[in-house]
Amino acid sequence: MVWTTAIIHLDMDAFFVNVHLLEFPEDKGKPIAVGGNPSGRGVVASASYEARKFGVHSAMPSSRAIKLCPQIKFVRHNWPLIKATSAAVMDILEEFGPTERMSVDEAYVDVSEHKDPETIALIMRERVKAATQCPASVGLSPSKLVSKIASDYDKPEGCTIILPGDEEQFLAPLPVRAISGIGPATASKLAQFNIESCGQLANFDYPTLFATFKNQAESLQRRARGIDQRKVVSDPGQSKSISQETTFNNDLDDKEYFYKKISEMADSLSGSLRRKNLIAHTVTLKIRWNDFTTFTRQKSIENGTDTQKEIARLGRGILDQFWEGEKLRLIGLGVSNLIEPTGRQLELFPDLDLSEPPSDSVEYN
DNA sequence: TCTGGGGTCCTAGGACCC
DNA sequence: TCTGGGGTCCTAGGACCC
């Protein structure tokens, strides 16, 4: 087979669960969920295949998981071990070609340079398993879009290969939700036209689709045909935003406590900014009421900041301005408009006098 | 069943400018 | 009197992903 472009998507199987089993092998074969406390407001981050038989899946409220599967064992994740295992996986992938990390447990690898990508896919999966004891599934195709669907097609420990030219045929019977980027909202709009499968989407009357989806219509149909020209990008680039949020166990209206939380989150955000050598020009406060409606307000400052004090001050200011004493279930704080302090700023202001410390940040709204 | 936490990208509207 | 068109920047919210 002649491959001009060959992209592998590797996806770790029930990754958090399998990392847990490295430390607690006695839990093997049991219904396990890694995630938040089932007596509180936690959700399942990862469920073992034994738990999935009961209908438990990730993002499900833990309280529901325990109803579906009363014998399920909830465990906390070991973040350092997850990170270390992930790093070991990524190191292996890098040996095969340019690697784009999508999260701790999945990545794309461009293996176009290899003569026999199909064998490479199998070797890659086995190398990862041998090095980490953690199972993975791989998908190989000429595009990121199809490879991602392929890696999910035969989990766990699957290897699905879609040859060049077979993409549209492979996708045709699959539900539109299989396409990354088509979520519940888009799927339900499509369902109004009786479009359920990728094949139906690919062949649907374009003008009708355009009336509802406008500019998105063309891209939807291209994706349904498996057309995707995106390249594997190994450089992660600089973060665009950093945020923290907490959901309380019970709804609260304690302003002093909110202040304390804002202060703690600001401290952590400030630390992240400094580690990344970035300053933020915008601070966003997020609050969520008990009916789950969510509200965000942001404040931009002319001179960027990376200090706990300034971030906290802006966060508290927004709370003071907009919170009217209701009970809240969540509070969050974020920074965005991130700039490297020594990069662009100096180019933009070549005459800036650095001998004077910058004056206090000025809000411009 | 009552919904985590950390992100990215897109859209739409308003302000402002020429 | 009641009215242009385009461009850019900013904000808020929503969809989506893992």
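Summed over qualifying helices (DSSP H, 4 residues or more, each -39500 (n - 2.57)) and divided by its residue number, chain A shows a 222 nm mean residue ellipticity of -11000 deg cm²/dmol. Among A:Ala14, A:Ala131, A:Ala33, the residue with the largest mean-square fluctuation in a Gaussian network model of chain A, with springs joining Cα atoms closer than 10 Å, is A:Ala131.
Percent of C-alpha pairs per 20 Å bin in chain A, short distances first: 23, 50, 27, 1.
Of the three principal axes defined by the Cα atoms of the stretch A:241-348, the extents in descending order read 47, 22, 21 Å.
Comparing mean-square fluctuations of A:Asp228, A:Asp116, A:Asp291 from a GNM of chain A with C-alpha springs under 10 Å, the top value falls on A:Asp291.
If you take the Cα centroid of the stretch A:77-94 and the Cα centroid of the stretch A:123-190, the two points sit 21 Å apart. If you wrap the tightest convex hull around every Cα atom of the stretch A:1-138 and split its volume per residue, you get 112 Å³. Would you mind classifying the stretch A:178-224 by shape? Square roots of the alpha carbon gyration tensor eigenvalues, ordered a ≥ b ≥ c; an a/c under 1.5 is rounded, otherwise it is prolate if a/b is larger than b/c and oblate if not. Cα axes put the stretch A:178-224 in the rounded bin. Below 14 Å, Cα to Cα, which aspartates and glutamates can A:Lys276 reach? Residues fewer than 8 away in the same chain don't count. Partners found: A:Asp306, A:Glu340.
Listed by chain and number, the lysines placed with their C-alpha closer than 22 angstrom to that of A:Lys286 are A:Lys240, A:Lys255, A:Lys260, A:Lys261, A:Lys299, A:Lys309, A:Lys327; residues fewer than eight positions away on the same chain are left out.
Within straight-line reach of A:Lys53, meaning a Cα separation under 27 Å, sit the following lysines at least 8 residues removed in sequence or on another chain: A:Lys28, A:Lys30, A:Lys67, A:Lys73, A:Lys129, A:Lys148, A:Lys155. Length available on full extension from A:Phe213 to A:Lys155: 0.36 nm per residue minus the Cα-Cα distance, which gives 17.6 nm.
Just the protein heavy atoms count here, and of the accessible area of chain A at 1.4 Å, carbon and sulfur take up 50 percent.
Rounded to 0.05, the FRET efficiency of the A:Arg52 and A:Phe24 pair, given R0 = 22 Å and the Cβ-Cβ distance, is 0.70.
Checking every one of the trypsin sites (Lys or Arg not before Pro) in the stretch A:101-163 against DSSP loop status and a limit of 15 other Cβ atoms within 10 Å picks out A:Lys115. Scanning chain A for GluC sites (Glu not before Pro) lying in DSSP loops with no more than 13 further Cβ atoms inside 10 Å, the longest uninterrupted stretch between such sites is A:158-323.
The accessible area of A:Asp254, taken with all protein chains in place and a 1.4 Å probe, comes to roughly 70 Å². Here A:Ser263 sits with roughly 40 square angstrom of accessible surface, probe radius 1.4 Å.
The values are calculated or read from the model by the stated rules, or taken from the named source; none is laboratory data. All values reported here derive from a predicted model rather than from experimental measurement. Neighbour counts run over all protein chains shown; Cβ positions are idealised from the backbone, glycine included. When the accessible area is computed, the model is the full protein with side chains, heavy atoms only, and any ligands, DNA or RNA have been set aside. Shrake-Rupley method; radii C 1.70, N 1.55, O 1.52, S 1.80 Å.
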